[in-house]
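Participant: Can you read through this structure? Questions will come right after.
The values are calculated or read from the model by the stated rules, or taken from the named source; none is laboratory data. Everything quoted here is computed from the prediction, not taken from an experiment. Cβ atoms come from the backbone with ideal geometry, glycine included; neighbour counts cover every protein chain shown.
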Amino acid sequence: MESTFSLLLVCPDRKGIVAAVAGFLSDHDASIVEAKQFNDQLTRRFYMRAVFTSVGPKFVSIEQLRAEFAKLANNYDMTWQIEDTARRVRVLIDFLLLHMRSANGRKSAARAVPGSLRLGARAQRKS
């Protein structure tokens, strides 16, 4: 049975983000089954949600996938998280709160700890 994951990200808007994310997932034997993105013209921020499945032998563990995605995310100054959709978590609300916090000029330590963006985990970290 294939595992399904959700990627949420926000970053400064620039050319190549969708191609970079799609290429990364493809290179790691993941298939995008749903994707939505938009850019906010006022803040020049790009938002993306992609749901993907593991489809081949190059798909690594979710922990390793997160570690490797962090390299790409760093190049685009992304705030992001990848979660297994089988786990029910308050992903969207917590993610948006994190973005609002970082957009107000306060850098969040959660940016450096992908996958742990839930409020409880974030509240324990100081930036």
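Participant: Going by the conditions given, is A50 loosely packed, with under 15 Cβ neighbours inside 10 Å and hydrophobic (A, V, I, L, M, F, W, C)? Show your work before the answer.
Facilitator: Values: loosely packed, with under 15 Cβ neighbours inside 10 Å: no; hydrophobic (A, V, I, L, M, F, W, C): yes.
No; evaluated as a whole, the condition is false for this residue.
Participant: To continue, here is another question. Which of the following residues is surrounded by fewer than 15 Cβ atoms within 10 Å (Cβ to Cβ) and touching a residue at least 60 places away in the same chain (Cβ under 8 Å): S61, S3? Spell out how you get there, then give the answer.
Facilitator: On the way: S61 fails: touching a residue at least 60 places away in the same chain (Cβ under 8 Å).
Every option except S3 fails the conditions.
Participant: I would also like to ask the following. Among what's in segment 34-47 and is under 15 Å from the mean Cα position of the chain (by Cα) and charged (D, E, K, R), pick the residue that is surrounded by the most Cβ atoms within 10 Å (Cβ to Cβ). Steps first, please.
Facilitator: Step one: filter segment 34-47 for residues under 15 Å from the mean Cα position of the chain (by Cα), giving 34-38, 45-47.
Then keep just the ones that are charged (D, E, K, R); that gives 34, 36, 45.
On the way: E34: 10, K36: 9, R45: 16.
The qualifying residue surrounded by the most Cβ atoms within 10 Å (Cβ to Cβ) is R45.
Participant: Same structure, new question: Looking at A50, is it touching a residue at least 24 places away in the same chain (Cβ under 8 Å), small (G, A, S) and in contact with a Leu (Cβ under 6 Å, 6 or more places away or on another chain)? Show your work before the answer.
Facilitator: On the way: touching a residue at least 24 places away in the same chain (Cβ under 8 Å): yes; small (G, A, S): yes; in contact with a Leu (Cβ under 6 Å, 6 or more places away or on another chain): yes.
Judged against the criteria, A50 is a match.
Participant: Any residue in segment 4-25 that is under 19 Å from A86 (Cβ atoms), assigned to a strand (DSSP E or B) and more than 12 Å from the chain's Cα centre (by Cα)?
Facilitator: Step one: list which residues in segment 4-25 are under 19 Å from A86 (Cβ atoms), which gives 4-8, 25.
In the following step, the residues that additionally are assigned to a strand (DSSP E or B) were identified as 4-8.
Adding the requirement that they be more than 12 Å from the chain's Cα centre (by Cα) leaves 4.
Yes.
Participant: Given the structure, is V113 under 12 Å from the mean Cα position of the chain (by Cα) and modelled with pLDDT of 95 or more? Walk me through how you get there before you give the answer.
Facilitator: Numbers: under 12 Å from the mean Cα position of the chain (by Cα): yes; modelled with pLDDT of 95 or more: no.
So V113 does not fit the description; no.
Participant: Further question: Go over the candidates Q37, Q64 one by one and state the one that is within 12 Å of L9 (Cα to Cα), of a type in the set (S, T, N, Q) and modelled with pLDDT of 85 or more.
Facilitator: Q37
Participant: Give me the residue from segment 21-43 that is of a type in the set (D, E, K, R) and in contact (Cβ under 8 Å) with a residue 24 or more places away in the chain and, out of that set, nearest to N75 (Cα to Cα). Can you show your working first?
Facilitator: Residues of segment 21-43 that are of a type in the set (D, E, K, R), as a first pass: 27, 29, 34, 36, 40.
Add one more test, that the residue is in contact (Cβ under 8 Å) with a residue 24 or more places away in the chain, and what stays is 27, 29, 40.
Values: D27: 17, D29: 21, D40: 20 Å.
It comes out as D27.
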